[in-house]
Each structure stands twice: as C-alpha cells, then as structure tokens.
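This report refers to the structure that appears directly beneath it.
The values are calculated or read from the model by the stated rules, or taken from the named source; none is laboratory data. These numbers were taken from a predicted model, which means no experiment stands behind them. Quick reminder, even Gly has a Cβ in these numbers, built from the backbone with ideal geometry, and neighbours come from all protein chains shown.
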Amino acid sequence: MAAKSSSSLPLAGRRIVLTRPREQCAEWRAQLEAQGAEVIELPLIQVTKHYDKQTLVEVFAELTQYEWIVFTSANGARFFFEEFLKGFEDIRALGLVRIAVVGEATADVVRGYHLRVELQPKKANAEELAQAMIERESIDSAKVLVVTGNLNRDTLVEKLHEARAIVDTLPIYKTEETDLAQNPVAGDFRAKGADAILFASPSAAQSFFDQAAALKLGAKARRPLAGSIGATTTATMKQLGLPVDFEAPQANLGSLVEALLRKL
C-alpha cells in the first residue's frame, strides 16, 4: 500500500507551536510531524530538579511509614525516583506504600519502574485525585506523601487535610519562565504566527501572558488557535484572559492532537 504523501496529511501546511520545556517536546513533535505539521518549539517554561537535602533525607528515612505516595506530575515522579535510586539499591525499599498519580504521563513514569499505580482519577487534576482517594476508603490519620513542585497549587493537600490525613509534601522540582525576548524562534513566531498554539500546563499559560510583549504578533502574522490540555490549564487561561479555542477531553497528548484536528 502506498504511503500517504505529505500534502495529504491532516496537518499538512499547518504551523503548530509547542510551549513545553525543550527536553519534553520530542514525543509531541513526532506525533504532530507524523500528521504533516510544521512544529515550532517555543518553550515558555523550564523545569529543573530542585529540593531541600534535609527534607529529602527525612522523607527517605520515613518512606516505609507512608500509606500513600502521590505524584502530581511526570517531572515529580521522574526526579523522585532518580534521587531514590541514588540512596537505595532496591526498589523494594519503598515497602508496601501505595502510589496515586495525576495523569497518564505520570502513571507511565511509575510503571517504568515496574511499580503498580493504585489510583488514577479519570480526569487528570488534583481535585479529582483527592476526591478519589477520599471516596476509596477512610484516610483519617493515614500518612500521605505528596511529591510536588514549586508552583503546584495547594488544593490536593488541603482536601487531604480536610479528610484528616497526615500529609507531608516533598517539593522536588522548580518551574521557571524562560526569557524569550531575544529568542529567534519567538521572533519567527511574531513575524509569521501559527495555526495553533498548544498549552500543556498552567505555568506555560502564565508565562505566555507575562511575556506578551516578546510574543506580540505582527500585522501580517497568522493568529493561532489556542489549545489546552485540560481543565486546570483552561481555568488558568481563562483567568488570564487568554482565548481557549479547544480543549483535550482527556489530559494527554493523543487527546489534544485529536481536539486540534477536529478544530482545524
């Protein structure tokens, strides 16, 4: 059977902007290019491992005392296990702790270590995960570790506290805005615009808003449709006054690409 020509692919001739950190763009780029898109990488944020050493030592010393470890992002899960395996030779040092996650990408990181994901809500957000934990069983006095980042909202921890869980948090990474003022890709975006721009996190939306001057489109530039990966990102975009032209029904790449194809 003959392969499709590039001109017959659904996104042929379309410029799609990715706003994720550069090191997290490969899979997204590959999937969009497979549909014929011209992909523009405009990383609005950068994510780096960052933690307090004393806090990490204390958490690792008490690991077997936790009933649950909650990962709110793939970055948090990845950085946690990188540090865990520096201190422990065997993954079984985790003990009998159960693992809960927000989102399929985070679940994939956990499963990559041959660990079972005990709880993952249908909708990938912190509120849904907290509710799922509370409805599953009583967490009164249960000891819970939430692995998080510097910009994560407190909603999950607050809801678990309300259910009388004993919650420790382990901030293990930080998210920062990238400076796009002198970025040549930003210059190309200002001059030509795009058909769509994809937002995969509230922090990326915030960075886009904060750097409006560096991203202001020229008179002849194409005005992109704005896509959101899910409800949490959409809420931030609306709060900032950014348009939301389409939203992924499920908070994952495949669902976002499908929503993009439907919209275009």
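Results, tabulated for the structure shown:
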{"quantity": "Qualifying strands (runs of 3 or more DSSP E) (wholly inside the range 1-61; at least 3 residues being touching a residue at least 40 places away in the same chain (Cβ under 8 Å))", "calculated": "15-18, 45-49"}
{"quantity": "Every residue from the range 159-205 that is buried (at least 22 other Cβ atoms within 10 Å of the Cβ) and among the polar types (S, T, N, Q)", "calculated": "T175, S201, S203"}
{"quantity": "Residue list for the range 148-177, restricted to those being under 17 Å from L18 (Cα atoms) and in contact with a helix residue (DSSP H, G or I) (Cβ under 7 Å, 6 or more places away or on another chain)", "calculated": "T175, E177"}
{"quantity": "Subset of the range 249-263 that is in contact with a strand residue (DSSP E or B) (Cβ under 7 Å, 6 or more places away or on another chain) and aliphatic (A, V, I, L, M) - its residue that is surrounded by the fewest Cβ atoms within 10 Å (Cβ to Cβ)", "calculated": "A259"}
{"quantity": "Flag if E82 is surrounded by fewer than 17 Cβ atoms within 10 Å (Cβ to Cβ) and at pLDDT 95 or above", "calculated": "yes"}
{"quantity": "Checking E176 against (1) part of a strand (DSSP E or B); (2) over 16 Å from the mean Cα position of the chain (by Cα); (3) at pLDDT below 95, the condition it does not meet", "calculated": "(2)"}
{"quantity": "Odd one out for A181, checked against (1) out of contact with any Phe, Trp or Tyr (no Cβ under 8 Å at 6 or more places or on another chain); (2) at pLDDT 95 or above", "calculated": "(2)"}
{"quantity": "Residue match in the range 139-150 (condition: at positive phi, surrounded by fewer than 18 Cβ atoms within 10 Å (Cβ to Cβ), out of contact with any His (no Cβ under 6 Å at 6 or more places or on another chain) and among the hydroxyl-bearing types (S, T, Y))", "calculated": "yes"}
{"quantity": "Considering residues of the range 239-264 that are at pLDDT below 90 and among the polar types (S, T, N, Q) only, the residue nearest to the chain's Cα centre (by Cα)", "calculated": "N252"}
{"quantity": "Scan of the range 62-79 for residues that are touching a Leu at 6+ places or on another chain (Cβ under 7 Å) and either modelled with pLDDT under 95 or in a helix (DSSP H, G or I) (or both), ordered by number", "calculated": "L63, T72"}
{"quantity": "Which numbered condition A204 misses (of (1) part of a loop (DSSP other than H, G, I, E, B); (2) touching a residue at least 60 places away in the same chain (Cβ under 8 Å); (3) out of contact with any helix residue (DSSP H, G or I) (no Cβ under 7 Å at 6 or more places or on another chain))", "calculated": "(1)"}
